[in-house]
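**Student:** Please see the structure below; I have some questions.
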Amino acid sequence: MEPYFDPVPLLGEARGAFLGQWSERKWLNVPGPFYGAETDNCGTGRIHAPGLVLYEADHFTEYVYRQPRTAEELRQLVEAAEAEVFSGYGCDGDTHWTPAAVREWWRDRGRVSAYLVSRRAGWEADDAKAGQGVASAAEDCAAYLDGEPAAHLRTYLFWLEERRSPTEADRLPHL
């Protein structure tokens, strides 16, 4: 069983880079403590955290498609947040996500996948100019959504309900 990596207590002074507001959060963000809200469109998020951040296609704002699971990934996300000129990343998702909301997001994840597919041509055009590999990353994100997050979200649900990491003796909640 995968332990829950609780990154927020590790932020320290970097917490000041996360001023995004939950009410402005992008619907594309995966459940967890971090999210992109009113971010800029300078295209810096993937430079710092390519395995965690994607761009929303219409305005190229940033969102978190995978939560950090290691100290190194947390460092990358902090760098993305610090480079974001509007300070539009948030780190208070744990106070807003509920088990019901996580389950609803999981049920509706096909909407995110469909969105990713529908925007591919725009990302390919941007990749030809900027070379950040967003179209390929969107494909990776869609594949990720079809499998890997289930285990992570079940662990996150346990953490939301119990505020501790599960042990081998614990039973994880269903999505």
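Residue by residue, here is whether (1) open to solvent by less than 50 Å² (accessible area, probe 1.4 Å); (2) touching a Pro at 6+ places or on another chain (Cβ under 6 Å); (3) in contact (Cβ under 8 Å) with a residue 24 or more places away in the chain; (4) aromatic (Phe, Trp, Tyr) holds:
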position: Ala17; (1), (2), (3), (4): yes, no, yes, no
position: Glu24; (1), (2), (3), (4): no, no, yes, no
position: Thr39; (1), (2), (3), (4): yes, no, yes, no
position: Gly43; (1), (2), (3), (4): yes, no, yes, no
position: Gln67; (1), (2), (3), (4): yes, no, yes, no
position: Cys91; (1), (2), (3), (4): yes, yes, yes, no
position: Thr98; (1), (2), (3), (4): no, no, yes, no
position: Ala101; (1), (2), (3), (4): yes, no, yes, no
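**Student:** Also, I was wondering about something else. Can you pull out every residue in region 131-148 that is touching a Gly at 6+ places or on another chain (Cβ under 9 Å) and assigned to a helix (DSSP H, G or I)?
**Tutor:** Val134, Ala135, Ala137, Asp140, Leu145
**Student:** Let me ask something else about it. Looking at this structure, is Arg109 of a type outside the set (Ser, Thr, Tyr) and free of Cβ contacts under 8 Å to residues at least 60 places away in the same chain? Walk me through it before giving the result.
**Tutor:** On the way: of a type outside the set (Ser, Thr, Tyr): yes; free of Cβ contacts under 8 Å to residues at least 60 places away in the same chain: yes.
For Arg109, the condition - of a type outside the set (Ser, Thr, Tyr) and free of Cβ contacts under 8 Å to residues at least 60 places away in the same chain - is met.
**Student:** I need the full set of residues from region 29-45 which are closer than 18 Å to Asp58 by Cα and aliphatic (A, V, I, L, M), in order please. Break it down into steps so the answer makes sense when it comes.
**Tutor:** Quick first cut of region 29-45, residues closer than 18 Å to Asp58 by Cα only: 29, 35-45.
Ala37, the sole residue that qualifies.
**Student:** Continuing with the same structure: Taking Ala80 as meeting all but one of (1) open to solvent by 60 Å² or more (accessible area, probe 1.4 Å); (2) in contact with a His (Cβ under 8 Å, 6 or more places away or on another chain); (3) at pLDDT 95 or above, write down the number of the exception.
**Tutor:** Condition (1) is where Ala80 drops out.
**Student:** Check Arg75, Arg119 and return the single one that is in contact (Cβ under 8 Å) with a residue 12 or more places away in the chain, among the charged types (D, E, K, R) and open to solvent by 30 Å² or more (accessible area, probe 1.4 Å).
**Tutor:** Details: Arg75 fails: in contact (Cβ under 8 Å) with a residue 12 or more places away in the chain.
The conditions single out Arg119.
**Student:** Could I ask something else about it? Could you tell me whether any residue of region 120-131 is modelled with pLDDT under 95 and closer than 24 Å to Gln21 by Cβ?
**Tutor:** no
**Student:** Check Asp108 against each of (1) more than 22 Å from Leu160 (Cα to Cα); (2) out of contact with any Phe, Trp or Tyr (no Cβ under 7 Å at 6 or more places or on another chain) and name the one condition it does not meet.
**Tutor:** Looking at each condition in turn, Asp108 falls short on (1).
**Student:** Name the single residue, out of those in region 154-171 being assigned to a helix (DSSP H, G or I) and among the charged types (D, E, K, R), that is least open to solvent (accessible area, probe 1.4 Å).
**Tutor:** Here the answer is Arg154.
**Student:** Looking at region 15-130, what helices (runs of 4 or more DSSP H) fall wholly within it and have at least 3 residues that are of a type outside the set (Phe, Trp, Tyr) and under 25 Å from Phe158 (Cβ atoms)? Working first, answer last.
**Tutor:** Values: elements: 45-48, 71-83, 99-107, 109-118, 120-130.
The helices (runs of 4 or more DSSP H) meeting that bar are 71-83, 99-107, 109-118.
The values are calculated or read from the model by the stated rules, or taken from the named source; none is laboratory data. Here the structure is a predicted model, which is why all the values come from computation and not from measurement. Every residue, glycine as well, gets a Cβ built from its backbone with ideal geometry; the counts of neighbours run over all protein chains shown. Quick note on the areas: whole protein, heavy atoms, side chains included, nothing else; ligands and nucleic acids left out. Shrake-Rupley method; radii C 1.70, N 1.55, O 1.52, S 1.80 Å.
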